[in-house]
Amino acid sequence: MKTTITAKDMVVTPGITNRILKKTATMSRYLRPETEMFIRLRREKNQRIVEITVPMQGVTLRSEAASEDNLYMGIDKALAKLEKQILRHRTKLEKRLRDDLNTDEAPEFIETLDASDKAEREVVRTKSYTVRPMHVEDAVMQMEMLGHSFFVYIDSDTNETHVLYQRRDGNLGLLVPEA
């Protein structure tokens, strides 16, 4: 793997370089050797910020972590985030890369999912609660008070079950089932 390290407002010592190279070597089990990894280190006030970018064919993986006065912790956190992101999206990205390529060329990822990674999820907790008729505004307020990312309620106007959820962009979405 090709690793490029740049720094702003700080000096990259051989110890930092060695730590980064040692830690990024573990990513070689997920990414091909010719994959480039850009690591940008910067200092803002009392924080050390580590930003890692891995551009691939049509996809860019990115992670960022900050640590107060300890750059090594920031490096570890950013690499852990990147690894978690790779594991979470690996199959989706592989499929997308294959669809985009439409060739026999192998995708950027080396390792494929084995049976243990494909283990089915199981329901580990069941919770019952009373669903009351309410308006959307009341459901939004209730969801915010509970601190949940979704809320199931019965709409008082239509008497149907609706699901209110928080979208990744911060806005709200409403699922209205059709019969």
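Per-residue answers, yes or no, for (1) of a type in the set (Phe, Trp, Tyr); (2) modelled with pLDDT of 90 or more; (3) within 22 Å of the chain's Cα centre (by Cα); (4) exposed (fewer than 13 other Cβ atoms within 10 Å of the Cβ):
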| site | (1), (2), (3), (4) |
| --- | --- |
| Lys2 | no, no, no, yes |
| Thr6 | no, yes, no, yes |
| Val11 | no, no, no, yes |
| Pro14 | no, yes, no, yes |
| Asn18 | no, yes, no, yes |
| Ala25 | no, no, yes, yes |
| Tyr30 | yes, no, yes, no |
| Glu34 | no, no, no, yes |
| Ile39 | no, yes, yes, no |
Answer yes or no as to whether Thr60 is free of Cβ contacts under 8 Å to residues at least 12 places away in the same chain and either acidic (Asp, Glu) or part of a strand (DSSP E or B) (or both). yes
What pairs come up if the first residue lies in the stretch 120-145 and is more than 20 Å from Gly170 (Cβ to Cβ), the second is at pLDDT 85 or above and among the hydrophobic types (A, V, I, L, M, F, W, C), and their beta carbons are under 8 Å apart, counting only those six or more places apart or on different chains? Val131/Val152; Val131/Ile154; Arg132/Ile154; Pro133/Ile154; Met134/Ile154
So, Thr53, is that one in a helix (DSSP H, G or I) and surrounded by 13 or more Cβ atoms within 10 Å (Cβ to Cβ) or not? no
Might you check whether a residue that is at pLDDT below 65, surrounded by 16 or more Cβ atoms within 10 Å (Cβ to Cβ), touching a strand residue (DSSP E or B) at 6+ places or on another chain (Cβ under 7 Å) and closer than 22 Å to Glu36 by Cβ occurs anywhere in the stretch 74-94? yes
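The values are calculated or read from the model by the stated rules, or taken from the named source; none is laboratory data. Just so we're clear, the structure is a prediction, and the values are computed from it rather than from any experiment. Reconstructed Cβ throughout: ideal geometry from the backbone, glycine too, with neighbour counts over all protein chains shown.
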